[in-house]
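**Q** Just dropping this structure here.
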Amino acid sequence: MSTPLLPELPEAVRALIGVPMYEERSEFAIELGYVFNTCAAVQNGNPLYWQPEVAAELTGGPIAPPTMMSVWFRPHHWTPGASGERKAMQLHFDLKEQLGLPEAVVVKHESVFGEPVRPGDVLTTCQILQSIGEPKQTKVGRGRFWTIDVRASNQHGDWVGTESYSFLGYKRPQQ
Amino acid sequence: MTTPTTPRLLAGAVEVGMTLPPLEHAVSATTVVLGALASRDWRPMHHDKDFAVQRNGMKDIFINTPNNAAWFERYISDWTGPHGRLGRLSFQMKTPVFPGDTMRFSGVVTAVSSDDSGCCWVEIDLAIHVGDALKTPGKARVAVPAEAGDNPWSRRGDRWQP
């Protein structure tokens, strides 16, 4: 049954709203090298990330910057035996495919941060489609807006954070 | 004497309307690629100009979302010092930031409060401008120490309400 608010939305897509999907664990070791790469990329000199004695005093040891939360769930670009391109946030790519919208950009991003992520942690995440909008004409093409939450917890069951991504998926006029 | 473990900013020193020190950064292709790879974002519009232009209709590669978040986090912790603990961050990338742009970060305190656990929160309106154009407005909620002996990073469970 379609709703008046989403007249053109396929039933299979509407059924995804609110359903946790793609529960997965981080597939590589969380380690400080990634932290230094991130801090270097934005010239973040926060001693919490560069001086072990500061980390020991403030956070009981090294932690990762909170905004790195999504980094831990992005797969390697390639792994032995994998076929095709490996993508983070598979639910987003499922929607692009099912809605026939080949292009997409992030238009809004919100994160809420919980327990800090530490080297050696193993995180678990799931993806939840929170909302999907009606078809809309934008300056880059016709498409839809949708929002996906990614919730993460650590190996102790502590909530690490939730990232909420709002996308515009669209088809360019010539596509 | 001030050391890295001396709180740089206490809640009592923060007032609504206070502005964060400005920050400027000239963006190059290296800036964009460094940020994309550090965040393990392998999508080609963040390192392949031909793809960004021909497939995405952009004028060049552009800064990706997690790197934008990392820039805001750095901007905030430059101000708070290491005791500042980010609780919430949101932003809207209205138009992309490209190589050749100079990002100009700004922030203004919109609220200062204390929750029922005694955690002190500062709400900040953020912005990245390039020239006169507002590229990325944002908001942050960051915990800062109430006093010298307070450490927001020690808060867990019900004592952490971001």
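**Q** Could you list, in sequence order, all residues of region A:125-175 that are within 11 Å of the chain's Cα centre (by Cα), open to solvent by 30 Å² or more (accessible area, probe 1.4 Å) and among the aliphatic types (A, V, I, L, M)?
**A** Within region A:125-175, no residue meets the criteria.
**Q** Sticking with this one: Going by the structure shown, is residue A:66 facing chain B (nearest Cβ under 7 Å) and of a type outside the set (Asp, Glu)? Step through it out loud before you land on a result.
**A** Values: facing chain B (nearest Cβ under 7 Å): yes; of a type outside the set (Asp, Glu): yes.
The answer is yes for residue A:66.
**Q** Looking only at region A:12-37, how many residues end up being open to solvent by less than 60 Å² (accessible area, probe 1.4 Å) and within 12 Å of residue A:117 (Cβ to Cβ)?
**A** 5
**Q** Conditions: (1) within 19 Å of residue A:65 (Cα to Cα); (2) modelled with pLDDT of 90 or more; (3) buried (at least 20 other Cβ atoms within 10 Å of the Cβ); (4) in contact with a helix residue (DSSP H, G or I) (Cβ under 8 Å, 6 or more places away or on another chain). Residue A:119 meets all but one. Number of the miss?
**A** Here residue A:119 clears every test but (3).
**Q** In region A:136-149, which residues are away from every other protein chain (no Cβ under 11 Å) and either in contact with a helix residue (DSSP H, G or I) (Cβ under 9 Å, 6 or more places away or on another chain) or farther than 20 Å from residue A:9 by Cα (or both)?
**A** A:143, A:144, A:146, A:148
**Q** While we're looking at this one, here's another question. Condition (residue is free of Cβ contacts under 8 Å to residues at least 24 places away in the same chain and open to solvent by less than 10 Å² (accessible area, probe 1.4 Å)) applied to region B:65-88: is it met by at least one residue?
**A** yes
**Q** Could you please give the count of residues in region B:67-88 that are more than 7 Å from chain A (Cβ to nearest Cβ) and among the aliphatic types (A, V, I, L, M)?
**A** Matching residues across region B:67-88 total 1.
**Q** Could I ask something else about it? Taking the condition modelled with pLDDT of 95 or more, under 27 Å from residue A:62 (Cα atoms) and not in a loop (DSSP other than H, G, I, E, B), does residue B:135 pass?
**A** no
**Q** So if I check each of B:31, B:102, which one is away from chain A (no Cβ under 13 Å), over 30 Å from residue B:113 (Cα atoms) and within 18 Å of the chain's Cα centre (by Cα)?
**A** Just a single option satisfies the conditions, and that option is B:102.
**Q** Please find, among B:151, B:56, the residue that is open to solvent by less than 30 Å² (accessible area, probe 1.4 Å), facing chain A (nearest Cβ under 8 Å), touching a strand residue (DSSP E or B) at 6+ places or on another chain (Cβ under 7 Å) and not aromatic (Phe, Trp, Tyr).
**A** Among B:151, B:56, only B:56 is open to solvent by less than 30 Å² (accessible area, probe 1.4 Å), facing chain A (nearest Cβ under 8 Å), touching a strand residue (DSSP E or B) at 6+ places or on another chain (Cβ under 7 Å) and not aromatic (Phe, Trp, Tyr).
**Q** Something else: Just one of the numbered conditions (1) open to solvent by 40 Å² or more (accessible area, probe 1.4 Å); (2) more than 19 Å from residue B:153 (Cβ to Cβ); (3) part of a helix (DSSP H, G or I) is not true of residue B:32; which one?
**A** (1)
**Q** Here's a follow-up. Which one is nearest to residue B:145 (Cα to Cα), of the residues in region B:89-132 that are assigned to a loop (DSSP other than H, G, I, E, B) and in contact (Cβ under 8 Å) with a residue 60 or more places away in the chain?
**A** B:97
**Q** Scanning region B:1-26 for residues that are touching a strand residue (DSSP E or B) at 6+ places or on another chain (Cβ under 6 Å) and open to solvent by less than 60 Å² (accessible area, probe 1.4 Å), which turns out nearest to the other protein chains (Cβ to nearest Cβ)?
**A** The extreme case among them is B:25.
**Q** Under 6 Å by Cβ, and 6 or more places apart or on different chains, what pairs join a residue from region A:97-125 that is touching a residue at least 40 places away in the same chain (Cβ under 8 Å) with one that is acidic (Asp, Glu) and in a loop (DSSP other than H, G, I, E, B)?
**A** Partner pairs satisfying both residue conditions: A:115/A:158; A:119/A:31.
**Q** Inspect region A:71-84 for any residue being in contact (Cβ under 8 Å) with a residue 60 or more places away in the chain and surrounded by 14 or more Cβ atoms within 10 Å (Cβ to Cβ) and give the result as yes or no.
**A** Keep residues of region A:71-84 that are in contact (Cβ under 8 Å) with a residue 60 or more places away in the chain, which gives A:72-73.
Now restrict to residues that are surrounded by 14 or more Cβ atoms within 10 Å (Cβ to Cβ): A:72-73.
Yes, there is a match, as at least one residue in region A:71-84 is in contact (Cβ under 8 Å) with a residue 60 or more places away in the chain and surrounded by 14 or more Cβ atoms within 10 Å (Cβ to Cβ).
**Q** While we're on this one: Select from region A:98-113 the residues that are within 11 Å of another protein chain (Cβ to nearest Cβ) and not in a loop (DSSP other than H, G, I, E, B) and list them in ascending order.
**A** A:103, A:104, A:105, A:106, A:107, A:108, A:109, A:110, A:111, A:112, A:113
**Q** Among the candidates A:48, A:95, which residue alone is assigned to a helix (DSSP H, G or I) and within 7 Å of chain B (Cβ to nearest Cβ)?
**A** None of the others qualify; the one that does is A:48.
The values are calculated or read from the model by the stated rules, or taken from the named source; none is laboratory data. All figures in this text were calculated on a predicted structure; none of them were measured in a lab. Counting neighbours? That spans all protein chains shown, and the Cβs are built from the backbone with ideal geometry, glycine included. What goes into the accessible areas is simple: the full protein's heavy atoms, side chains included, and nothing from ligands, DNA or RNA. Shrake-Rupley method; radii C 1.70, N 1.55, O 1.52, S 1.80 Å.
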